Amino acid sequence: MKKVDVILGLQWGDEGKGKIVDALAPNYNIVARFQGGPNAGHTLEFDGHKYVLHTIPSGIFHKHITNIIGNGVLIDAQIFMKEIAMIRANGYEPSKNLKISQKAHLILPTHRVMDAVLEHLKGSAKIGSTLKGIGPTYTDKTARHGLRLGDSLEPDFKTRYETLKATHIRQFESLGFDWKNHKIEQLSFDEYEQKWFAGLEEIKKFDIISSEYFINQALDAGKNVLAEGAQGTLLDVDFGSYPFVTSSNTTTAGVCTGLGVAPNRIGKVYGVFKAYCTRVGSGPFPTELNDEVGEEIRKVGREFGATTGRPRRCGWLDMPALNYAIMINGVTDLVVTKIDVLNDFSEIKIAESYIVNGQKTAEFSTADLEDIKLDYLSFDGWNQSLADIDTFEKLPSNAQKYLEFIEKNTNTKISIISTGPNRLETFFN
Ligand code: GDP
Ligand code: IMO
Ligand code: MG
C-alpha cells in the first residue's frame, strides 16, 4: 500500500522544513500542507533567488508537482493573494499546480483583530503570537461556526460572513476595544477587508477540491505524496509547551486529520531539527543561552523570523526534547540543518539530560523551569567551512562525532544533512 511521507519540525519551528521539502520534492508527485497557516514562514533558496512561503506548499516551484493546501490549513485571502502575486512575479503560474481543500477554514479580518485583542489582554503572559489570526480561527472551527473556503462558493456566504463578523465585533465592543481603528498590516480595517474580499474572488479561480479524495486516490494510483508540516513539535497544541504553543497539531497525527489520510497510510517521517535550538515568541526554552554565545548563534545563523522578522532566541541542542519529538511523531529519519552555523565555535554543547529534584532524567519537561537543571556534554568544534562537502565521510571528524552522538542517543538515523540555505547544500547520508 502506497503511503504518505511526512516532513515536519522537531523543535519550536523554523528548523528549515521549507528548504528540505523543496530539496526532496523532485521525488514526489504531490506536496501537501496539512496544518497551520500564514503563521508559517518557509524559506527556499535556489538559482540565486530566495522565496518565503506562508500558506503555499514548498513544492510550488516544481512545475510538475501538484501542491495541495489541505483541510487542516487556515487561509487568509489577503495574505494568500500577496503570496500568489510574489510567485507570479517570479515567472511561475501557481494556478497550474495548486489545489485547495474546500474544507480549509478562512481567517477573517476580525480573527486577526481578535488575535491582537487576546494577546493584549494577556499582558506579560502573552504567547508572542504571529498575530495572523491562527488561534481565533481554529477556535471558531472547533466551536463549529467557522467559515470554510467551500462556503465562499455558496450564495449565502456574505450573510454568514457578516454574522460571524458581528459576533466578533460584539466581543470587541464589550471589551471597549476600538476595532475600527485597529490597523492590520498597516492598513485600516476597511482597507484590509476590501483586499481580503478581492483576494477571495481570486482564490475562487483556483481548483477547489475534496483533497481527502484527491490524495487517497493518488495514493491508490501509486503516486508519491509528501506532507509538509508547519511550526514544530514543541509548538503542538497538545504536546508542546502549552499554553505557549500554536493552535494545531503540528505532529504526524496532524497529517491524518489535516489531509484525511488514515494512520496506516503514514510512511516515512522525516523529522527536521537544527544542530542547535531556536524559539521565537514567549514560553519556556530550557537550553536558551542569554549570553554572547546565544548572540553569536543568532548572528551567524541569521536567526530572525521569516514571518515577523523578530529575533529568535537561541540555545544548545536539547536531547530530552529531541527524543520526545521523535517519540510523538514516530520519526523514521532525522534531518539535521544549519550544522554550518556551528563551524567556528570552538566548543559546542548538548543538553544530554535534565536534573529534576536532584534526579537525572531523560524525559522532557517544561513544567517548572526554575526547578530544572541541565546536564551538558561538551564537544570540540571543527573550525572549518563545510562548503562543497557532500558526504558524511568528507565532514570534519569533530562534526561526524557530533552527529554520531545524536544518532546514538536518539537511536535514529540522520538521513539528510543540510550545510547551507541553498537547495544544493543538502546531502543524503
Ligand atoms: P522553516 O519554517 O522550517 O521552513 O524554516 P525558516 O525558513 O523559517 O528558517 C530557516 C532559515 O534557515 C531560513 O533562512 C533558511 O534559508 C535557512 N537554512 C535552512 N537550512 C539551512 C542550513 O543548513 N544552513 C544555513 N546556514 N541556513 C539554513
Ligand atoms: P514555521 O512553519 C516559529 C510561534 C509564535 C508564537 C506561537 C503561537 O515557519 O516553522 P501563532 O501565530 O501560531 O498563534 O503563534 O507559535 N510560531 C512559530 N514559531 N515558526 C513558525 O512556523 C511559527 N508559527 C507560530 O512565534 O510563539
Ligand atoms: Mg519558519
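The values are calculated or read from the model by the stated rules, or taken from the named source; none is laboratory data. The structure displayed is predicted, hence computed values, not measured ones. Positions of Cβ are generated from backbone atoms using ideal geometry, with glycine treated the same way; all protein chains shown enter the neighbour counts. Only protein heavy atoms, including side chains, enter the accessible area calculation; ligands, DNA and RNA are left aside. Shrake-Rupley method; radii C 1.70, N 1.55, O 1.52, S 1.80 Å.
Those helices (runs of 4 or more DSSP H) of the stretch 50-151 in which at least 1 residues are over 23 Å from His168 (Cα atoms), considering only elements entirely within it, cover 77-89. Within the stretch 163-180, can one find any residue that is open to solvent by 70 Å² or more (accessible area, probe 1.4 Å) and farther than 19 Å from Pro136 by Cα? No, the stretch 163-180 has no match at all.
Restricted to the stretch 228-267, and to residues there that are crowded, with 24+ Cβ neighbours inside 10 Å and not in a loop (DSSP other than H, G, I, E, B), the residue that is farthest from ligand 3 (Cβ to nearest atom) is Leu259.
Looking at Val237, Val255, Val269, Val261, which one is out of contact with any Phe, Trp or Tyr (no Cβ under 7 Å at 6 or more places or on another chain) and within 16 Å of ligand 2 (Cβ to nearest atom)? Within the list Val237, Val255, Val269, Val261, the selection yields Val237. With respect to the stated conditions, Gly330 fails to be open to solvent by 50 Å² or more (accessible area, probe 1.4 Å), away from ligand 3 (no atom under 16 Å from the Cβ) and of a type in the set (Gly, Ala, Ser). Could we say that Thr43 is away from ligand 1 (no atom under 16 Å from the Cβ) and among the polar types (S, T, N, Q) here? So Thr43 does not fit the description; no. Restricting to the stretch 157-184, and then to whatever is in contact with a Pro (Cβ under 9 Å, 6 or more places away or on another chain) and assigned to a helix (DSSP H, G or I), can you tell me which residue is farthest from Val117 (Cα to Cα)? The extreme case among them is Lys165. Residue count for the stretch 190-222, restricted to those that are open to solvent by 70 Å² or more (accessible area, probe 1.4 Å) and in contact with a Phe, Trp or Tyr (Cβ under 8 Å, 6 or more places away or on another chain): 0. The set of residues in the stretch 62-71 being open to solvent by 10 Å² or more (accessible area, probe 1.4 Å) and farther than 16 Å from Asn224 by Cα consists of Asn71 alone.
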